[in-house]
Amino acid sequence: MTIRTDWRQHGFVRVAAASCPVVVADVAQNTAALEAAIRSTAGSGASVIVTPELGITGYSAGDLFAQHLLLEEAWTALLGLTAALADLPYVCAVVGLPVRCTDSRIYNCAAVVSGGSVRGLVPKQFLPNRAEFYEDRWFTRAHERGLPDEHRGIPFGTDLLVDLGRPGLVLGVDICEDLWSVEPPSGRLALAGATVIANPSASPEVLGKAGYRRDLVRMQSARCLGAYVYAGSSPGESTMDVVFGGHSLVAENGVTLAETDR
């Protein structure tokens, strides 16, 4: 005898981390891959879907982040993706892209897309600039500058909380290195009411790093008394001097619920 139950009846929400194929600086192909992954994952019942850091352009675009054409293509692609997902009104997706504000500064951002609109833009606060990382070369650290309250009419900031319309479901966003910092922003967001933290990431593979990454995600979910959804960049990013394994994890209250093979 098989007894089928609907997890939604018990107040649960299904979340997912999707590591998508990437062609560096090919905005059209990357956006198509993101849409396909979001639709496929939504078809499995996921309501909150997190994709990797800078997924619209690829994390490894390097000095192309300073190119006006790439930045405009990325923004246009975000709006196109948002419109294309409007037929999934109960799905919230987190996607990454570079955003140039009116002060000409470029921020590494995560966009929260839901209900046919961009609900908010969250800039990365802690930029790694050591060893294999050069993010200070391209992006502005969010906590070092006065941030605008909005960008092109969309809420913009590091303290955004997105109410997803279900009891107890409030989304906050960390971006990659934010989790590795001394005081991850997600702690502050949890104190303000976030119950699910999304982390679009581009963390390369180094010997011993996977275990540390796993512990960080698991323990931050414990500290925040909530869920932590971490989406790592795919092997398609492995175009320069580092490799990526698509390591993605979901943890809740200190327990790892799901993890990809690298």
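The values are calculated or read from the model by the stated rules, or taken from the named source; none is laboratory data. Bear in mind the structure is a predicted one, so any value in this text is a computation, not a measurement. A quick note on method: Cβ atoms are made from the backbone with ideal geometry, for glycine too, and the neighbour counts reach across all protein chains shown. When the accessible area is computed, the model is the full protein with side chains, heavy atoms only, and any ligands, DNA or RNA have been set aside. Shrake-Rupley method; radii C 1.70, N 1.55, O 1.52, S 1.80 Å.
From the mean inverse distance of alpha carbon pairs (Kirkwood) and the Cα radius of gyration, derive Rg over Rh for region 169-226.
0.97
Within region 138-254, what percent of beta bridges assigned by DSSP are antiparallel, to the nearest 5?
Antiparallel: roughly 50 percent of the beta bridges in region 138-254.
How much length would be gained if the chain were fully extended between Tyr212 and Asp163, taking 0.36 nm per residue of separation minus their Cα-Cα distance, in nm to one decimal?
Result for the pair: 14.6 nm of gain on full extension.
With every protein chain left in place, what is the accessible area per residue of the chain in square angstrom, probe 1.4 Å?
45
Between Tyr90 and Ser117, what is the label-to-label distance in nm when each label sits 7 Å out along the Cα-to-Cβ direction?
If labels sit at Tyr90 and Ser117, their model points lie 2.1 nm apart.
To the nearest Å, what is the center-to-center distance of region 143-199 and region 71-113, using C-alpha atoms only?
16
How large, in percent, is the carbon and sulfur part of the accessible surface of region 112-173 at a probe radius of 1.4 Å?
43
For region 1-159, what is one quarter of the convex hull surface built on the Cα atoms, given in nm²?
Quarter of the Cα hull surface area: 11.3 nm².
So, in nm, how far is label Asp136 from label Ala32 when the simple model puts each one 7 Å beyond its Cα toward the Cβ?
About 4.0 nm, to one decimal.
For a quick check: with amide H placed at 1.01 Å from N, whose amide H comes under 5 Å from Leu257's, ignoring anything fewer than 5 positions away on the same chain?
Val250, Ala251, Glu252
Angle, helix 27-43 long axis vs. longest principal axis of the chain, Cα atoms, 0 to 90°, nearest 10?
10
Could you order peptides 99-108, 131-140, 253-262 by the average number of other Cβ atoms within 10 Å of their residues, highest first?
Peptide ranking by packing, descending: 99-108, 131-140, 253-262.
Mind listing the long-range amide H neighbours of Ser238? Cut-off is under 5 Å, sequence gap 5 or more, other chains count too, H placed in the peptide plane at 1.01 Å from N.
Phe244
Over the chain, what is the percentage of antiparallel beta bridges among all DSSP beta bridges, to the nearest 5?
Taking every DSSP beta bridge within the chain, about 65 percent pair in antiparallel fashion.
Amide H to amide H under 5 Å from Phe126: which residues, 5+ apart in sequence or cross-chain, H placed 1.01 Å off N in plane?
Those qualifying (amide H under 5 Å, at least 5 residues apart or on another chain) are Asp178.
If I fit a long axis through the Cα atoms of helix 209-224 and take the longest principal axis of the Cα atoms of the chain, what angle between them do I get, 0 to 90°, rounded to 10?
Value to nearest ten degrees: 60.
Can you give me the angle between helix 68-84 and the longest principal axis of the chain, using Cα atoms only, in degrees from 0 to 90, rounded to the nearest 10?
Long axis of 68-84 versus the principal axis of the chain: about 20 degrees.
I'd like to compare 156-166, 17-27: which one has the highest average count of other Cβ atoms within 10 Å, and what's the full order after that?
17-27, 156-166
Express as a percent, rounded to the nearest 5, the fraction of DSSP beta bridges in region 37-186 (both residues included) that run antiparallel.
85
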